[in-house]
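**Student:** Below is a structure I'd like to ask you about.
The values are calculated or read from the model by the stated rules, or taken from the named source; none is laboratory data. Note that the coordinates shown come from a computational prediction; the quantities given were computed from them, not determined experimentally. Here the Cβ positions follow ideal geometry from the backbone for every residue, glycine too, while neighbour counts run over all protein chains shown.
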Amino acid sequence: MKLTGVELRWISMPLVAPFRTSFGTQTSRDVLLLRVVTDEAEGWGECVAMTDPLYSSEYVEAAADVLRRFLVPALAAAGPLEAHAVAHVLEPFRGHRMAKAALEMGVLDAELRAQGRSFGQQLGAVHDRVPCGVSVGIMDSVPALLDAVGGYLDEGYVRIKLKIEPGWDVEPVRAVRERYGDDVLLQVDANTAYTLADARHLARLDPFGLLLIEQPLDEEDVLGHADLAKQIRTPVCLDESIVSARSAAAAIRLGAAAIVNIKPGRVGGYLEARKIHDVCVAHGVPVWCGGMLETGLGRAANVALAALPGFTLPGDTSGSGRYYHRDITEPFVLDRGHLAVPTGPGLGVVPREDELASVTTATEWLAV
Ligand code: OSB
Ligand code: MG
């Protein structure tokens, strides 16, 4: 394939409800989309960076800048366009994994559409549908949380993840267990809100039989997670700390990650995500697919990834309605707790022109 150009498209989508985590509250999701145009087909990339650098160092405008200034020009100068070579071409540029992931996703989508193959086929999916969990934000009160969790259980979600922070941890977990019982698959995500000095406090979660605790400590504190793992019974799962297959291997060897959350954007793309899956499978470490409040485009690819054999835990691959009143693609709708893996070429979904137009705030054409 030959690259013709890349369109950057900024969209703004209101969330159905505010989403509060230990790093902030979001009421709308501003997403940078990429339309990768080649001589054979077009592909869509979704950049999962958020508006502010609070989850990680990346943010939307930095992603747009590095794409415009460095990544797209480098890819244009690299000769024949092939998805498997994108990461290598972009490697000289440090960091910016979410921007790189979006560009690789767009190229991969274009390539697969040209070949009539799906993301699932390309990545190695072995299931035609995946079980879905839901990430539940920090609420103003325990009753409000119990209502939200009850609603999600009624919708069929097979696993509940509670966002936690100091002051909102043991009590909400206890309340959910007391109200909904021990059979609910339950886990928590701290988004780095604790330190190793909180180990004894976090051990108070031990009696509740959680599947895992996700990223309790700073993203750079891999050793701290290994130490913490020896002081609590809840399995430690890493999210922010895992940025590559290499860092996953190191975290596993150190005893810092009994479970890994794989987010393609965080690790530089779907192909690196598959490598992390392979590393984890080789070490007997279960993985699950994380989320970044994606639109239907990123969701399509995430659901395909989640259908790989090592994804043995339900992911944060919720239905479109958990996030948005109207998605830009055909909405993903839960069927008895599962989402179907798209089967059409590439992502298997495309944006609906009218929906896309109604949420677009700006576009920019990067000619090559
Ligand atoms: O830490 O997993 C996280 C959303 C935005 C940023 C970070 C995280 C999350 C979620 C929601 O937990 C995942 C989703 O449903 O897309
Ligand atoms: Mg997380």
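**Student:** Looking only at residues in the stretch 42-63 that are out of contact with any strand residue (DSSP E or B) (no Cβ under 8 Å at 6 or more places or on another chain) and small (Gly, Ala, Ser), which one is nearest to Arg113 (Cα to Cα)?
**Tutor:** Filtering the stretch 42-63 for residues that are out of contact with any strand residue (DSSP E or B) (no Cβ under 8 Å at 6 or more places or on another chain) and small (Gly, Ala, Ser), the one nearest to Arg113 (Cα to Cα) comes out as Ala62.
**Student:** Oh, and also: Does Val341 satisfy the criteria of being over 30 Å from Arg253 (Cβ atoms), at pLDDT below 95, away from ligand 1 (no atom under 16 Å from the Cβ) and not basic (Lys, Arg)?
**Tutor:** So Val341 does not fit the description; no.
**Student:** Read through the list (1) assigned to a loop (DSSP other than H, G, I, E, B); (2) under 22 Å from Pro235 (Cβ atoms), then give the number of the only condition that Arg266 fails.
**Tutor:** (1)
**Student:** OK, next. Can you confirm whether the stretch 290-297 contains a residue that is under 22 Å from Val107 (Cα atoms), crowded, with 23+ Cβ neighbours inside 10 Å, among the aliphatic types (A, V, I, L, M) and at pLDDT 95 or above?
**Tutor:** So far as the stretch 290-297 goes, yes, one or more of its residues are under 22 Å from Val107 (Cα atoms), crowded, with 23+ Cβ neighbours inside 10 Å, among the aliphatic types (A, V, I, L, M) and at pLDDT 95 or above.
**Student:** Of the numbered conditions (1) more than 17 Å from the chain's Cα centre (by Cα); (2) more than 16 Å from ligand 1 (Cβ to nearest atom), His225 fails exactly one; give the number of that condition.
**Tutor:** (2)
**Student:** Still on this structure, please answer the following. Go through the stretch 227-252 and give me each residue that's of a type in the set (A, V, I, L, M) and either part of a helix (DSSP H, G or I) or within 16 Å of ligand 2 (Cβ to nearest atom) (or both).
**Tutor:** Leu228, Ala229, Val236, Leu238, Ile242, Val243, Ala245, Ala248, Ala249, Ala250, Ala251, Ile252
**Student:** Please give the number of the condition Glu272 fails out of (1) within 16 Å of ligand 1 (Cβ to nearest atom); (2) out of contact with any Asp or Glu (no Cβ under 8 Å at 6 or more places or on another chain); (3) among the acidic types (Asp, Glu).
**Tutor:** Result: Glu272 passes all but (1).
**Student:** A further question follows. For the stretch 193-226: of the residues being closer than 29 Å to Gly337 by Cα and within 13 Å of ligand 2 (Cβ to nearest atom), which is surrounded by the fewest Cβ atoms within 10 Å (Cβ to Cβ)?
**Tutor:** Looking at residues that are closer than 29 Å to Gly337 by Cα and within 13 Å of ligand 2 (Cβ to nearest atom), I get Leu212.
**Student:** Let me spell it out: the conditions are (1) in contact with a strand residue (DSSP E or B) (Cβ under 9 Å, 6 or more places away or on another chain); (2) crowded, with 17+ Cβ neighbours inside 10 Å; (3) within 28 Å of Asp189 (Cα to Cα); (4) not aliphatic (A, V, I, L, M), and Gly156 meets all of them except one. Which number is the exception?
**Tutor:** The number of the failed condition is (2).
**Student:** Ok, one more. Mind listing just one residue for me: the one in the stretch 192-211 that is at negative phi and not in a helix (DSSP H, G or I) and, of those, farthest from ligand 1 (Cβ to nearest atom)?
**Tutor:** Thr195
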